[in-house]
Amino acid sequence: MHTIPRLSLLSRQSRSVWALALATLFMLAAPMAAQAQAAYPDKPIKFVVPYPPGGGTDVVARIVQQRLQAALGQPIVIDNKGGAGGSLGTDIVAKSAPDGYTVLFTLSSHTINPAIFPKLPFDTIKDFEPVGLVASLPQLLAANMAVPVRTVADVVAQAKAAPDKFSFASVGNGSPGHLAGELMVLRTGAPMAHIPYRGGGPAVTDVMGGQVPLLWVSIPAAAAQVKAGKLRALAVSTTKRSPAFPDVPTMQEAGVADFEVDSWYAMLVPAKTPRPIIEKLNKALNTVLAEPAIRAQLIEQGADAVGGTPEALGKVIAAEVPKWVKLAKDANIKAD
């Protein structure tokens with residue numbers, strides 16, 4: 001007659017013990033978490049660049065890497081994870097621990113990919129926390145030196161005359177260069193096939209080698225080759241000329257109306273990364289971007305230092321995702 005009440009009492013006692021144990025764990029965990037955040041960073045940080053070495057994203061990441069190491073007091077290791085238009089490396093970061101030790105250093109293809117790839121393995125907005133904008137810059141239209149074109153008008157005329165002859169390379173599906181090339185096709189009616197690569201380095205190499213006649217790529221990926229006379233710069237994608245190439249016209253100056261494709265580089269971390277860690281990364285980034293030497297290096301690559309708050313980057317990402325979805329639909333842009 002008394003068995004059930006005794007079991008119920010034991011059950012209530014067990015639940016009380018477990019509740020007390022869990023409460024104790026939570027009480028201990030909170031100070032430990034706060035201590036870990038206060039000590040951050042206390043070990044090397046990994047920057048995942050979702051493109052191969054030599055491309056624009058890689059170049060800009062390495063420009064800020066050394067000074068960021070000094071500002072944060074820990075080594076920064078750059079890990080190039082190219083593939084799938086940048087989404088391979090991006091997915092790695094999305095699934096990493098939200099502790100500030102894995103940072104995504106990417107470009108504006110981050111907001112373009114949802115328009116190109118319908119089934120990304122991550123959510124562009126929900127799976128990341130913004131840290132800050134690093135730099136903004138135009139895309140550059142460049143040609144192999146042996147291709148007989150000197151202007152955008154030459155490209156348009158020859159592409160229309162020989163539809164199967166002209167194609168353009170980019171750093172991959174969903175990249176700003178991909179969109180710039182497709183927008184050029186849409187605005188001019190000049191047929192050109194898109195040839196996606198796994199990054200700016202391989203794309204530049206093949207255009208210099210003559211495998212592809214044209215290239216739409218960020219200026220840092222091609223600046224050295226243009227200045228060395230190995231590629232011919234034809235136009236930039238923004239409404240203002242690049243300080244790195246002041247003699248190169250904008251696409252609108254070259255006669256292509258309603259043409260503008262801005263691109264940027266930025267740092268993000270996995271969702272649920274503690275705010276104090278994000279603020280430390282953001283503060284260090286803004287400190288580095290304020291240095292005249294870093295700003296000069298970026299300008300030499302055709303990029304302008306930006307900086308700002310995590311919220312500013314968040315607003316850019318939220319505004320651009322629907323913008324590129326609309327352009328992809330209007331221009332019928334799809335992954336090749």
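Only the coordinates and a few stated rules stand behind these numbers; no lab work does. Note that the coordinates shown come from a computational prediction; the quantities given were computed from them, not determined experimentally. All Cβ positions, even for glycine, are placed from backbone atoms using ideal geometry, and neighbour counts span all protein chains on display.
Observations, loosely collected:
- As a proxy for reagent exposure, ranking 107, 186 by other Cβ atoms within 10 Å from fewest up yields 186, 107.
- Within the shell defined by Cβ-Cβ distances under 11 Å, the residues around residue 83 carry a net charge of +1, with Lys and Arg each +1 and Asp and Glu each -1.
- Between 203, 257, 71, the residue with the greatest mean-square fluctuation in the GNM of the chain (Cα pairs under 10 Å linked by springs) is 257.
- Projected over every direction and averaged, the convex hull enclosing the alpha-carbon atoms of the stretch 138-236 yields 5.3 nm².
- Most mobile of 96, 263, 109 in a GNM of the chain (Cα contacts under 10 Å): 96
- As a length-normalised measure over Cα pairs under 8 Å and 6 or more apart, the relative contact order of the chain settles at 25 percent.
- Between residue 123 and residue 230, full extension at 0.36 nm per residue minus the direct alpha carbon distance yields a gain of 34.6 nm.
- For the chain, the orientation-averaged shadow of the C-alpha convex hull comes to 21.1 nm² (one quarter of the hull surface).
- Listed residue pairs exceeding 18 Å between alpha carbons, taken from 95/119; 81/230; 126/315; 240/283; 126/272; 119/329: 81/230; 240/283
- Cβ-placed point charges (K, R +1; D, E -1), dipole of the stretch 138-236 about Cα centre in debye, nearest 20: 200 debye
- Toward the positive end of the charge dipole of the chain, with +1 on the Cβ of Lys and Arg and -1 on the Cβ of Asp and Glu, the farthest Cα among 158, 294, 250 is that of 294.
- Full extension of the chain segment joining residue 293 with residue 206 gains 28.1 nm, where the gain is 0.36 nm per residue of separation less the Cα-Cα distance.
- Net length available on complete extension from residue 77 to residue 97 is 5.5 nm, with 0.36 nm assigned per residue and the Cα-Cα distance removed.
- Counting neighbouring beta carbons within 10 Å and listing from fewest to most, the residues 261, 217 come out as 261, 217.
- Burial ordering of 192, 184, 145, fewest other beta-carbon atoms within 10 Å first: 145, 192, 184
- Computed about its Cα centre, the charge dipole of the chain is approximately 800 debye, with only Lys, Arg, Asp and Glu carrying charge at their Cβ.
- Hypothetical label at residue 262: residues of the stretch 120-143 whose amide nitrogen lies under 14 Å (7 Å Cα-Cβ projection): 133-139
- Of every Cα-Cα pair in the stretch 248-335, the percent that sits beyond 19 Å: 59 percent
- Coarse-grained scattering of the stretch 217-296 at q = 0.16, 0.19, 0.25 Å⁻¹, given as base-10 log I(q)/I(0) from a Debye sum over alpha-carbon atoms: -0.80, -0.92, -1.17
- When each full DSSP H helix of the chain is screened for a Cα extent of at least 30 Å along its own axis and an average Kyte-Doolittle hydropathy of at least 0.5, the helices passing are 3-39.
- Between 168, 105, 117, the GNM of the chain built on Cα springs shorter than 10 angstrom shows 117 fluctuating the most.
- The stretch 316-336 and the stretch 53-67 have Cα centres spaced 26 Å apart.
- Rg/Rh, computed from the Cα trace of the stretch 52-165 with Rh as the Kirkwood radius, has the value 1.08.
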